[in-house]
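Q: Mind looking over this structure? Questions follow.
The values are calculated or read from the model by the stated rules, or taken from the named source; none is laboratory data. Predicted model only: the values in this text are computed from it and were never measured. Every residue, glycine as well, gets a Cβ built from its backbone with ideal geometry; the counts of neighbours run over all protein chains shown.
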Amino acid sequence: MVIRNETKNHFDSNHYSFITICFYSMNNTELNIEQLLQDPMFQEFQSIGLIDEIALRNLIIRNEYIKLKKAKTQLGAIFELSEKYNLSFDSIHHILYRKPSRKTVTIPLSN
């Protein structure tokens, strides 16, 4: 998950669709990361520290892996990502194939 649960002080109904996009993106489907990073709401969340940067990096790695796998072998794609992000082969493999943990986001009904 990319959104941290500190959203309680900054949440309103306009942010619901953005959070939904982040949840949807975790289903191994290709995501337009560039569009996400340019989204003003995303930039606002990032500026106030609500974006988990490691989870975002992992999301970008998974998205790039989907693209690389179309042109390379699984092993070749993992090695390329390993070099690009200065992470070990095992770290990239863990990012790609571990069972995702179930984090919860608490959204209060009132301030």
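Q: Determine which single condition PHE79 fails, assuming it passes every other condition in (1) closer than 25 Å to SER101 by Cβ; (2) modelled with pLDDT of 90 or more; (3) aromatic (Phe, Trp, Tyr).
A: PHE79 satisfies every listed condition except (1).
Q: Residue by residue through the stretch 49-63, note down the ones that are surrounded by 15 or more Cβ atoms within 10 Å (Cβ to Cβ) and either within 8 Å of the chain's Cα centre (by Cα) or at pLDDT below 90 (or both).
A: LEU50, ILE51, ASP52, ALA55, LEU56, ASN58, LEU59, ILE60
Q: May I ask you to list pairs of residues, at least six apart or on different chains, whose Cβ atoms are under 8 Å apart, with the first in the stretch 27-50 being part of a helix (DSSP H, G or I) and the second being modelled with pLDDT under 90 and of a type in the set (Val, Ile, Thr)?
A: If the second residue must be modelled with pLDDT under 90 and of a type in the set (Val, Ile, Thr), the pairs left are LEU36/ILE21; PHE42/ILE51; PHE45/ILE3; PHE45/THR7; PHE45/ILE51.
Q: What are the pairs, 6+ residues apart or on separate chains, where a residue within the stretch 52-70 that is closer than 15 Å to HIS93 by Cβ and free of Cβ contacts under 8 Å to residues at least 40 places away in the same chain has its Cβ under 6 Å from a residue that is in a helix (DSSP H, G or I) and not acidic (Asp, Glu)?
A: Within 6 Å, the pairs are ASN58/ILE95; ILE61/LEU81; ILE61/ILE95; TYR65/ALA77; TYR65/LEU96; LEU68/ALA77; LYS69/ALA77.
Q: Ok, one more. Quick check: is even one residue across the stretch 90-109 of a type in the set (A, V, I, L, M, F, W, C), assigned to a strand (DSSP E or B) and at pLDDT 70 or above?
A: There is no residue in the stretch 90-109 that is of a type in the set (A, V, I, L, M, F, W, C), assigned to a strand (DSSP E or B) and at pLDDT 70 or above.
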